[in-house]
Amino acid sequence: MASALTCSAAELLPHLGSSANATAAAEFICGRFSAVSEYLTQTTYAVDTTYLLFSAYLVFAMQLGFAMLCAGSVRAKNTMNIMLTNVLDAAAGGLSYYLFGFAFAFGAPSNGFIGKHFFGLKEFPSQAFDYSYFLYQWAFAIAAAGITSGSIAERTQFVAYLIYSSFLTGFVYPIVSHWFWSGDGWASASKTDGNLLFGSGVIDFAGSGVVHMVGGIAGLWGAFIEGPRIGRFDRSGRSVALRGHSSSLVVLGTFLLWFGWYGFNPGSFLTILKSYDHTTRGSYYGQWSAIGRTAVTTTLAGCTAALTTLFSKRLLVGHWNVVDVCNGLLGGFAAITSGCAVVEPWAAIVCGFIAAWVLIGFNALAAKLKYDDPLEAAQLHGGCGSWGIIFTGLFAKKEYVNEVYPGFPNRPYGLFMGGGGKLLGAQIIQVVVIIGWVSVTMGPLFYLLHKFKLLRVSCDDETAGMDLTRHGGFAYIYHDEDEGSSMPGFKMTRVEPTNTPTPDHHNRSVNVVV
């Protein structure tokens, strides 16, 4: 925010002459001037807060995108289960982040490891934080929990969701966000004391590591400890596709996530009414321009990843698959999230292209290792998020780094942009410590849940579907022919015409089974 305008009656008095009313006039003018200045300051706060709140609403809308994506990616018999887990990610995460999470993440002053103020939003609002900032950060926290829920879908007990979601949003995720986003964090690029890691700090602008890697690595451990779904691999170890029941929901969820990403990445500036140095550009250029550029880099990375996946999968498997394209698109978004504010648009295209191949490669490795992740969440968010962090260390532009992280003009920037390898070194450290931290916290949690038989449902429940056994009934009236299941209720099976060269689509019979 620009510094407040000031007016001094003593300075103004010589310009008003020596009349008897000069002092009163000077005081009156300065009083009016101060009132205008105060109003402009309040307006700046209001504009920035409105921008942040709008961004928080967009990020929260991603929760609906996650719900639709998850629902479409699982079989119909588990739809209600996965939808409920997405609701509970937000609800349980809201309370745990309010009570503990925000304080652990941003409770300043604190040490470099963990925050220790603002528990239960005590002493809110303050000069540093308002309620809008809490809401925005909560939306990020539940996004990480939503990523994890996709990895362990279709076989996880409901109580396990409640436990891991609260622990992730209330402790594991906040610690990571404190390290890399708080002004006190040991690796933060915005560290207030100026003692930056390798002179640069870690640039993870909107959370390729803080959000996507945390959620992806947590999901990796959950899915690994649970094991694959029944039928995912046959007795010879060959991969068997257990396809989701609705590509339409997958596409809907993808577009909702795309929409929400414009709050996720550009919104991470937190403020919009801020000017930049006008020595090289006109007054038209400010933080609002950087926000627009960030939206462009986000878009280009996702679009490139989607098209790369489209043609690559066509060459590899011989057909065009909309679900693969949607996952590729999201992989591009997850990758660009780290450096979206500090790279050129052309670099975002490079980011998206490689992100698509990272996802394809990790999916192939997962199949070979007999690892089962219904939404490819660990591969997408963990793998592509890792690439995005490395990408930032390679392509961050000096001018943009200095604009987004001011105060240190000699801060290292991207290796390929002439900035040396210090930033890349910091980025690699981020990848390593996130993998380590999430592994030593979430891994044991999932293992204990497994040992106490609180993690995975029984074979009978998994085969019948959790909607029937755990949630009181199905989301749809349907017949799952692929599994040969016989489920009670009203079911309809379409009977295709036989021995007919040209099907008559206007006269299709329906067999009703009760």
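Assorted remarks:
- Single residue of Gly107, Gly93 found to be open to solvent by less than 10 Å² (accessible area, probe 1.4 Å) and within 19 Å of the chain's Cα centre (by Cα): Gly93
- Any hit, region 252-271, residues being open to solvent by 30 Å² or more (accessible area, probe 1.4 Å), more than 28 Å from Arg456 (Cα to Cα) and part of a loop (DSSP other than H, G, I, E, B): yes
- Filter result (within 14 Å of Leu380 (Cα to Cα) and either touching a Leu at 6+ places or on another chain (Cβ under 7 Å) or of a type in the set (Ser, Thr, Tyr) (or both)) within region 199-215: Ser208
- Flag for Ile230 being in a loop (DSSP other than H, G, I, E, B), in contact with a helix residue (DSSP H, G or I) (Cβ under 7 Å, 6 or more places away or on another chain) and in contact (Cβ under 8 Å) with a residue 60 or more places away in the chain: yes
- A Cβ distance below 6 Å, combined with a sequence gap of six or more or placement on separate chains, defines the contacts here; from region 152-165, residues that are under 16 Å from Ala223 (Cβ atoms) and aliphatic (A, V, I, L, M) reach residues that are open to solvent by 10 Å² or more (accessible area, probe 1.4 Å) and outside any helix (DSSP H, G or I) in the pairs Ala153/Pro374; Ala160/Leu454.
- When the residues of region 386-413 are filtered to those that are open to solvent by 30 Å² or more (accessible area, probe 1.4 Å) and assigned to a loop (DSSP other than H, G, I, E, B), the one that is nearest to Ile272 (Cα to Cα) is Pro406.
- Among (1) at pLDDT 95 or above; (2) touching a Lys or Arg at 6+ places or on another chain (Cβ under 9 Å); (3) open to solvent by 30 Å² or more (accessible area, probe 1.4 Å) - the single one Phe416 does not satisfy: (2)
- When residues of region 49-66 are limited to those that are within 14 Å of the chain's Cα centre (by Cα) and surrounded by fewer than 24 Cβ atoms within 10 Å (Cβ to Cβ), the one nearest to Ser126 (Cα to Cα): Ala56
- First in region 29-57 and within 14 Å of Asp130 (Cα to Cα) and modelled with pLDDT of 75 or more, second anywhere and among the aromatic types (Phe, Trp, Tyr) and assigned to a helix (DSSP H, G or I), Cβ under 6 Å, 6 or more apart: Leu52/Tyr136; Ala56/Tyr136
- The residue that is nearest to Ile152 (Cα to Cα), among those in region 163-174 that are open to solvent by 20 Å² or more (accessible area, probe 1.4 Å) and of a type outside the set (S, T, N, Q), is Ile163.
- Test: residue in region 472-491 that is at pLDDT 95 or above, part of a loop (DSSP other than H, G, I, E, B), of a type outside the set (S, T, N, Q) and within 28 Å of the chain's Cα centre (by Cα): no
- Top-ranked residue of region 275-285 - restricted to ones that are assigned to a loop (DSSP other than H, G, I, E, B) and touching a Ser or Thr at 6+ places or on another chain (Cβ under 9 Å), ranked as farthest from Ala301 (Cα to Cα): Ser283
- Lone qualifier among Ser177, Ser182, Ser149 - being touching a Cys at 6+ places or on another chain (Cβ under 8 Å), touching a residue at least 12 places away in the same chain (Cβ under 8 Å) and open to solvent by less than 10 Å² (accessible area, probe 1.4 Å): Ser149
- Ser132 being among the polar types (S, T, N, Q), under 22 Å from the mean Cα position of the chain (by Cα) and buried (at least 24 other Cβ atoms within 10 Å of the Cβ): no
- Unmet requirement for Tyr164, which otherwise passes all of (1) within 17 Å of Phe100 (Cβ to Cβ); (2) assigned to a loop (DSSP other than H, G, I, E, B); (3) not basic (Lys, Arg): (2)
- Residues of region 215-257 classified as in contact with a His (Cβ under 9 Å, 6 or more places away or on another chain) and of a type in the set (Val, Ile, Thr), total: 2
- Close pairs (7 angstrom Cβ cut-off, 6 or more residues apart or separate chains): more than 30 Å from Gly425 (Cβ to Cβ) in region 365-386, among the charged types (D, E, K, R) and assigned to a loop (DSSP other than H, G, I, E, B) anywhere: Asp372/Arg229; Asp372/Arg232; Pro374/Glu154
- Number of positions in region 420-444 that are of a type outside the set (Ser, Thr, Tyr), open to solvent by less than 40 Å² (accessible area, probe 1.4 Å) and in contact with a helix residue (DSSP H, G or I) (Cβ under 6 Å, 6 or more places away or on another chain): 11
- Complete set of residues in region 450-468 that are open to solvent by 10 Å² or more (accessible area, probe 1.4 Å) and in a helix (DSSP H, G or I): His450, Lys451, Cys459, Asp460, Asp461, Thr463, Ala464, Leu468
The values are calculated or read from the model by the stated rules, or taken from the named source; none is laboratory data. Not measured: the values here are computed from a predicted model. Neighbour counts are summed over all protein chains in view; Cβ atoms, including those assigned to glycine, are modelled from backbone coordinates with ideal geometry. SASA here: full protein model, heavy atoms, side chains in, ligands and nucleic acids out. Shrake-Rupley method; radii C 1.70, N 1.55, O 1.52, S 1.80 Å.
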